[in-house]
1. Would you be able to tell me the number of residues in the stretch 123-177 that are under 27 Å from the mean Cα position of the chain (by Cα), among the acidic types (Asp, Glu) and at pLDDT 90 or above?
2. Kindly indicate whether any position in the stretch 48-71 is modelled with pLDDT of 95 or more, more than 16 Å from the chain's Cα centre (by Cα) and basic (Lys, Arg).
3. Please find, among Lys152, Lys175, Lys132, the residue that is within 23 Å of Val82 (Cβ to Cβ), loosely packed, with under 14 Cβ neighbours inside 10 Å and free of Cβ contacts under 8 Å to residues at least 40 places away in the same chain.
4. Take the residues in the stretch 78-99 that are free of Cβ contacts under 8 Å to residues at least 40 places away in the same chain and within 16 Å of Arg60 (Cβ to Cβ), then tell me which one is surrounded by the most Cβ atoms within 10 Å (Cβ to Cβ).
5. Check whether at least one residue in the stretch 109-122 is under 27 Å from Tyr39 (Cα atoms) and either in contact with a strand residue (DSSP E or B) (Cβ under 7 Å, 6 or more places away or on another chain) or at pLDDT below 95 (or both), and report yes or no.
Amino acid sequence: MENTALKVAVRHLIANTFGKPLYGYTSEKDSYLVEDYPYGFKLRCNIRYWIEFTPQKGYRYCSQTQDPRNGRWNKPKKETYVLLGACLYLDSQDHVNSAGLTQYSDGSKILDFVKAFPGADFTMLRIYVKPKIKHLQRQVEGDSGFSVNGQKVHLSEEDIGRAREELKIWEEVEKKL
């Protein structure tokens, strides 16, 4: 009973953080269209949004407005690539936003993302998860460390404890994928 209440609370928190996910918008031709978007001070236009994917670089958020005076689409605005995953969502005011994951994202942020966007493209994240788990397992077992002037320095108990906690999070991410 208590566990179910916790799961509902987590789902509610994630929904409030990200909003309603938007899936399948992957190109200019297949994009999420918003009508009546401001264009300058007085004009209104259409704007479309999508997440672009390139295997070599990852995912990026793109938007493009339509000039209301001639009907032509303007040059797309494209954000910086994120490596592991991205998804569009509608916030509480029905504005389109994006959430993305990089290789530097915290494990708990990645877990929240996976829970909030179960229908997102996790192609790159699936590739990343297994090596990350193996690395954390090596840290927990004490097999991982670093060298200073040719001398091996082992991780402290505090570092191993942090690795143990992060390993639990990453194992949960792997289960959700």
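1. Looking only at that region, the number is 5.
2. yes
3. Lys175
4. Looking at residues that are free of Cβ contacts under 8 Å to residues at least 40 places away in the same chain and within 16 Å of Arg60 (Cβ to Cβ), I get Ala86.
5. no
The values are calculated or read from the model by the stated rules, or taken from the named source; none is laboratory data. What you see is a predicted model; the values in this text were computed from it and never measured. Because the Cβ atoms are built from the backbone with ideal geometry, glycine has one as well, and the counts that use them run over all protein chains shown.
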